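The values are calculated or read from the model by the stated rules, or taken from the named source; none is laboratory data. Here the structure is a predicted model, which is why all the values come from computation and not from measurement. No Cβ is skipped: glycine too gets one built from the backbone with ideal geometry, and neighbour counts run over all protein chains shown. Just the protein is used for accessible areas: all its heavy atoms, side chains included, with ligands, DNA and RNA removed. Shrake-Rupley method; radii C 1.70, N 1.55, O 1.52, S 1.80 Å.
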Amino acid sequence: MTVVAIDGPAGSGKSSVSRAAARALGYSYQDTGAAYRALAWTALDRGVDTEQPDQLVALLHDFPYSIGIHPDDYFVRVGATDVTDAIREPRVTAVVSAVARVPEVRAFLVELFRSVIRSSSTPGIIVEGRDITTVVAPDATVRILLTATEEARMARRSAELSTESAAKTAQQLSSRDAQDSKVVDFMNAADGVVTIDSTDLDFDQTVSAVVDLVRTSD
């Protein structure tokens, strides 16, 4: 099975590009950030203090997480509860970095991500997130850092979140990257990782760049 690992900062288009590329290639698609968000949602739902690492680690013993990895049948569930939309709420976004920086949480979820990769029945899978090329799948067939200038990323995120001001969007984007960069370097390509800078590319061109890179690696 071909494994494609994609990393990148917030607003770089990782999720939408990865999903579209997976669809074009006939691959599965895994959004690893969804698991961190789902755990953050679970913590809030159960009244757990997200600033207390021990309480977050305790949650891992009962975290019935599942995700749809078909590009056209994407869902995120915790138990029987569909949280696909709920994990994108601002209250979850506000605490997800605190959840993601707990080492025991990261170790647990890395193993979960690898099990999801193994569960794929398609010829390949695209896995995107923050430390996929270096930690989750360092031996992936194709390893990509998808990036863009901060201005381009802010503009794209603002377009997605039309209810929020550009200033607020910029603050959230910078804050998220600053928090997450304390745990993992997703701004610089590791050895063997190909950088795709989408600053001057539209969505379709960015998808094509990923698809072409995967196809030429076969």
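Those strands (runs of 3 or more DSSP E) of the range 52-150 in which at least 3 residues are open to solvent by less than 30 Å² (accessible area, probe 1.4 Å), considering only elements entirely within it, cover 124-129, 142-147.
For the range 63-84, a tally of residues being of a type in the set (D, E) and without any contact (Cβ under 8 Å) to a residue 24 or more places away in the chain returns 2.
Within the range 192-212, residues that are more than 16 Å from M154 (Cβ to Cβ) and free of Cβ contacts under 8 Å to residues at least 24 places away in the same chain sit with their Cβ atoms under 8 Å from residues that are open to solvent by 40 Å² or more (accessible area, probe 1.4 Å) and in a loop (DSSP other than H, G, I, E, B), at 6+ positions apart or across chains, in these pairs: A209/L201. Within the range 103-131, residues that are touching a residue at least 60 places away in the same chain (Cβ under 8 Å) sit with their Cβ atoms under 7 Å from residues that are open to solvent by 80 Å² or more (accessible area, probe 1.4 Å), at 6+ positions apart or across chains, in these pairs: S120/M1; P123/M1; G124/M1; I125/M1.
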